[in-house]
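Working notes, beginning with the structure itself.
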Amino acid sequence: DLKPLELFRKGDVLGIFQWTGSDGIRDLTVNIQPTTFTDLAVINALYRPGALDAGTAQKYPDYKLKPRKFHPRIDKILEETYGIIVFQEQVMAIFAEIVGGTMADADLARRVIFKTKVGDPVWEKSVVDLTAKFFDSGKKEGFPQIMLEQIWSEIQTHSRYSFNRAHAAAYAKVAYWMAWFKYYKPD
């Protein structure tokens, strides 16, 4: 039932989990005009420091109309989110694709990226090593330097705080249920 999504598209989100109390997420939601449950999960994930700081949350409505393209090997990973890195799993898949590694390697990279420990020399060395691996392997895999720089910048920004897909979907499910009740049982 997609009728409750009308509330999100209108910005009538007062009382809806994760959407109440923030003009920013309401405005982003109105700009994106969600038409699917996946849109709700994406909006919920986009309104976090990682995507906000990367500027990709603000660009998402435009990319929904005209998807951003990087490279065929990366575009397939970001197809569902129109060329925007939204979820931690996308960070992992991109890392694995660029370094020619496995998802197990990418999970280790995710732990370094998302478990920020500024000032810890072991963590800081891990970041230096990870950065070198990303760029060195990416060049060997044939990815353009400028693209590597842009993607790495966005990946690093996601270290501030980003959702994994399941977390975003779980929150969006609760929000959808609340919107359903608001739409059908407003009393």
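The values are calculated or read from the model by the stated rules, or taken from the named source; none is laboratory data. Everything numeric in this text was worked out from a predicted model, so none of it was measured. All Cβ positions, even for glycine, are placed from backbone atoms using ideal geometry, and neighbour counts span all protein chains on display. Side chains are part of the model used for accessible areas, which takes the heavy atoms of the whole protein and leaves out ligands, DNA and RNA. Shrake-Rupley method; radii C 1.70, N 1.55, O 1.52, S 1.80 Å.
A few notes on this one:
- Tabulated pairs, region 12-23, first within 20 Å of A168 (Cβ to Cβ) and without any contact (Cβ under 8 Å) to a residue 12 or more places away in the chain, second open to solvent by less than 70 Å² (accessible area, probe 1.4 Å) and in a loop (DSSP other than H, G, I, E, B), C-beta under 7 angstrom, 6+ apart or interchain: T20/V13
- Residue in region 151-162 that is out of contact with any His (no Cβ under 6 Å at 6 or more places or on another chain), among the charged types (D, E, K, R) and assigned to a loop (DSSP other than H, G, I, E, B) present: no
- K117, sole failed condition from (1) open to solvent by less than 40 Å² (accessible area, probe 1.4 Å); (2) farther than 30 Å from L28 by Cα: (1)
- Scan of region 66-95 for residues that are farther than 19 Å from I43 by Cβ, open to solvent by less than 60 Å² (accessible area, probe 1.4 Å) and either touching a Leu at 6+ places or on another chain (Cβ under 7 Å) or not in a helix (DSSP H, G or I) (or both), ordered by number: F70, H71
- Residues (in contact (Cβ under 8 Å) with a residue 40 or more places away in the chain, surrounded by 14 or more Cβ atoms within 10 Å (Cβ to Cβ) and not in a loop (DSSP other than H, G, I, E, B)) located in region 1-11: L5, L7, F8
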